[in-house]
Amino acid sequence: MNSKVKASDLSLIDSVINEYKDVDGSLITILQKTQGIYGFLPADVLSYIAIKTGIPPAKIFGVATFYTQFRFEAVGKYFIMLCQGTACHVNGSEIIEKTIFEELGIRDGETTKDGLFTLKTVACLGCCSLSPVMMINEETYGSLTSQKIRDIIKELKEKAEEVNADV
């Protein structure tokens, strides 16, 4: 994901559209690849996909809103998906969410002021044996405790500072 990409640069998805526009059942793939490019699904990009593929805008929007993997707003560098499924709930996901709020000052759907972290609670991550569990970007963190959360957040903040220092 490149946070510096402007949604108005529609040419970035031309190769994706050209590759999949004539493949039946490829809308989800197009949306996934588009989100990978922009970091989310901007409205003007969804309209562009509709025009280029001939898929009605209502169908594209319907698919994009049905699946929780798709986002319509930019997210922080570290996108936290916190599981609230039954196993996670029973094993303390509410305490984990409270700890995230205490450490970052954000609630479900919010992004920190520095743009580093976004929190999204989800119904299930499918990792019940690791409960309570969360994913940050593509990495899964299980058997969470408040202390583990603090350590993970500290490590990610330090990593971000190192990257900024190198720039």
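Laboratory data are not the source of any read-out in this text; all were calculated from the coordinates shown. Owing to the predicted nature of the structure, the values given are computational and were not obtained by experimental measurement. So basically every Cβ, Gly included, is an ideal-geometry build from the backbone, and we count neighbours across all protein chains shown.
In degrees between 0 and 90, to the nearest 10, how far off the longest principal axis of the chain does helix 43-53 point, with axes built from Cα atoms?
40 degrees
May I ask you to derive the FRET efficiency for Lys98 and Asp22 from their Cβ-Cβ distance with R0 = 45 Å, giving the value to the nearest 0.05?
It comes to 0.35.
Can you tell me the 0 to 90 degree angle between the C-alpha axis of helix 93-104 and the longest principal axis of the chain, rounded to 10?
90 degrees
Assuming R0 = 30 Å, what is the FRET efficiency of Ser47 and Lys113, from their Cβ-Cβ distance, to the nearest 0.05?
The computed FRET efficiency comes out at 0.45.
What nm distance separates the two modelled labels at Ala123 and Val90, each placed 7 Å from Cα along Cα→Cβ?
In this crude spin-label approximation the distance works out to 1.9 nm.
Please give every one of the lysines within straight-line cross-link reach of Lys77, meaning a C-alpha to C-alpha distance under 23 Å, and leave out same-chain neighbours fewer than 8 residues apart.
Straight-line reach from Lys77, under 23 Å: Lys4, Lys6, Lys33, Lys98, Lys113, Lys120, Lys148, Lys154, Lys157, Lys159.
Viscosity 0.692 mPa s, temperature 37 °C: give me the Stokes-Einstein translational D for the chain in µm²/s, with Rh taken as the Kirkwood radius over C-alpha pairs.
189 µm²/s
I'd like the Karplus ³J(HN,Hα) series for the stretch 107-123: coefficients 6.51, -1.76, 1.60, θ = phi - 60°, whole numbers in Hz, and an x wherever there's a Gly or Pro.
Rounded to whole hertz, the list is 10, 3, x, 9, 10, 4, 4, 7, x, 7, 10, 10, 10, 9, 7, 10, 5.
Given 0.36 nm per residue, what is the gain on full extension from Asn164 to Asp9 after removing their alpha carbon distance, in nm?
Value of the extension gain: 53.2 nm.
Please return the longest stretch of the chain lacking exposed loop sites, where chymotrypsin sites (Phe, Trp or Tyr not before Pro) count only if DSSP places them in a loop and at most 14 other Cβ atoms lie within 10 Å.
It runs 73-167.
Regarding the stretch 10-66, what whole-number volume in Å³ per residue does the convex hull of its Cα atoms give?
Values: hull volume 4.0 nm³, N = 57.
Expressed per residue, the convex hull around the Cα atoms of the stretch 10-66 is 71 Å³.
Could you give the dipole magnitude of the chain about its Cα centre, charging the beta-carbon of Lys and Arg +1 and that of Asp and Glu -1, in debye to the nearest 20?
Dipole magnitude for the chain comes out near 280 debye.
Of the beta bridges DSSP finds with both residues in the stretch 78-166, what % are antiparallel, to the nearest 5?
Among the beta bridges of the stretch 78-166, antiparallel pairing accounts for roughly 55 percent.
Please give the FRET efficiency for Thr145 paired with Phe72, using the beta carbon to beta carbon distance and R0 = 35 Å, rounded to the nearest 0.05.
0.60
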